[in-house]
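Accompanying notes for the structure given below.
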Amino acid sequence: PGGRQNLIKKWSRKGGILLTSERLFQGLVKKQHCLVQLQSPGPDAIVLDEAHTMLKSSGNLVFKALMGVKTRRRICLTDSPFQNNLLEYFRMVSYIRPGLLGKSERKFKKDYGAILEGNVADAPEDIKQYADDKLHEIQERLSPYVHRK
């Protein structure tokens with residue numbers, strides 16, 4: 001516990017990188033003094049492991065705390081971006097590049113919700129084609145920022 005607090009204090013003086021998971025970050029969020037120093041000035045970079053779980057809901061404490069972290073570089077790691085939930089993907093992208101996919105979840109769902117509708121096995125061919133077009137559009141927009149391996 002004291003080690004984490006000392007590490008966070010060093011960011012105030014030197015900077016650093018925070019590589020964290022949801023469980024570890026929740027522990028930091030619960031300690032108000034850690035959260036204050038973590039958010040400002042914060043690490044030089046933050047790397048979220050299994051980011052889709054950390055950014056799952058815009059109403060939870062972890063999401064709100066992450067959005068308050070002042071950092072120049074944000075990296076999200078995940079192994080299943082579209083398979084879980086399209087809005088989780090929107091939140092991850094919005095976390096690293098605010099506004100890139102639009103400013104609201106409602107608008108994003110309107111613009112890209114067809115991606116999921118076209119992935120249903122019995123979807124009509126025109127819906128599948130439209131979904132593929134929207135998927136290609138989003139992939140092109142994100143290609144400078146998303147790296148799949």
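The values are calculated or read from the model by the stated rules, or taken from the named source; none is laboratory data. The shown structure was predicted, so the numbers you read here are calculated from the model rather than taken from an experiment. Heads up, the Cβs are rebuilt from the backbone with ideal geometry, glycines too, and the neighbour counts pull from every protein chain shown. Side chains are part of the model used for accessible areas, which takes the heavy atoms of the whole protein and leaves out ligands, DNA and RNA. Shrake-Rupley method; radii C 1.70, N 1.55, O 1.52, S 1.80 Å.
Below are the figures for this structure:
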{"quantity": "Residues being over 16 Å from Glu140 (Cα atoms) and in contact (Cβ under 8 Å) with a residue 24 or more places away in the chain - total across segment 94-121", "calculated": "5"}
{"quantity": "Pairs where the first residue, in segment 126-137, is of a type outside the set (S, T, N, Q) and the second is not in a helix (DSSP H, G or I), C-beta under 7 Å, 6+ apart", "calculated": "Ile127/Gly118; Lys128/Gly118; Tyr130/Gly118; Ala131/Gly118; Ala131/Asn119; Asp132/Gly118"}
{"quantity": "Residue in segment 121-139 that is in contact with a His (Cβ under 9 Å, 6 or more places away or on another chain) and of a type in the set (Asp, Glu) present", "calculated": "no"}
{"quantity": "Index of the failed condition, Lys56 passing every other in (1) open to solvent by 60 Å² or more (accessible area, probe 1.4 Å); (2) over 30 Å from Ile8 (Cα atoms)", "calculated": "(2)"}
{"quantity": "Selection status of Ile96, of a type in the set (Val, Ile, Thr) and open to solvent by 50 Å² or more (accessible area, probe 1.4 Å)", "calculated": "no"}
{"quantity": "Considering residues of segment 75-115 that are out of contact with any Phe, Trp or Tyr (no Cβ under 8 Å at 6 or more places or on another chain) and of a type in the set (A, V, I, L, M, F, W, C) only, the residue nearest to Leu38 (Cα to Cα)", "calculated": "Ile75"}
{"quantity": "So Gly99, is it more than 13 Å from the chain's Cα centre (by Cα) and either more than 30 Å from Ile115 (Cα to Cα) or at pLDDT 75 or above (or both)", "calculated": "no"}
{"quantity": "Residue in segment 63-74 that is modelled with pLDDT of 85 or more and farther than 30 Å from Gln32 by Cα present", "calculated": "no"}
{"quantity": "Qualifying residue in segment 13-29 (condition: at pLDDT below 75 and touching a helix residue (DSSP H, G or I) at 6+ places or on another chain (Cβ under 6 Å))", "calculated": "no"}
{"quantity": "Filtered residues of segment 42-73 (kept if of a type outside the set (A, V, I, L, M, F, W, C), in contact (Cβ under 8 Å) with a residue 24 or more places away in the chain, within 20 Å of Ser104 (Cβ to Cβ) and not in a helix (DSSP H, G or I))", "calculated": "Lys56, Ser58"}
{"quantity": "Odd one out for Lys70, checked against (1) in contact with a Pro (Cβ under 7 Å, 6 or more places away or on another chain); (2) surrounded by 16 or more Cβ atoms within 10 Å (Cβ to Cβ)", "calculated": "(2)"}
{"quantity": "Close pairs from segment 22-41: first closer than 17 Å to Cys76 by Cα, partner open to solvent by 60 Å² or more (accessible area, probe 1.4 Å) and not in a helix (DSSP H, G or I), Cβ under 9 Å, at least 6 apart", "calculated": "Glu22/Asp49; Glu22/Glu50; Glu22/Lys56; Leu24/Asp49"}
{"quantity": "Candidate set: segment 121-149, residues that are within 23 Å of Asp79 (Cβ to Cβ) and assigned to a loop (DSSP other than H, G, I, E, B); chosen: the one least open to solvent (accessible area, probe 1.4 Å)", "calculated": "Val146"}
{"quantity": "Tally of residues being open to solvent by 80 Å² or more (accessible area, probe 1.4 Å) and within 18 Å of His52 (Cα to Cα) across segment 22-40", "calculated": "2"}
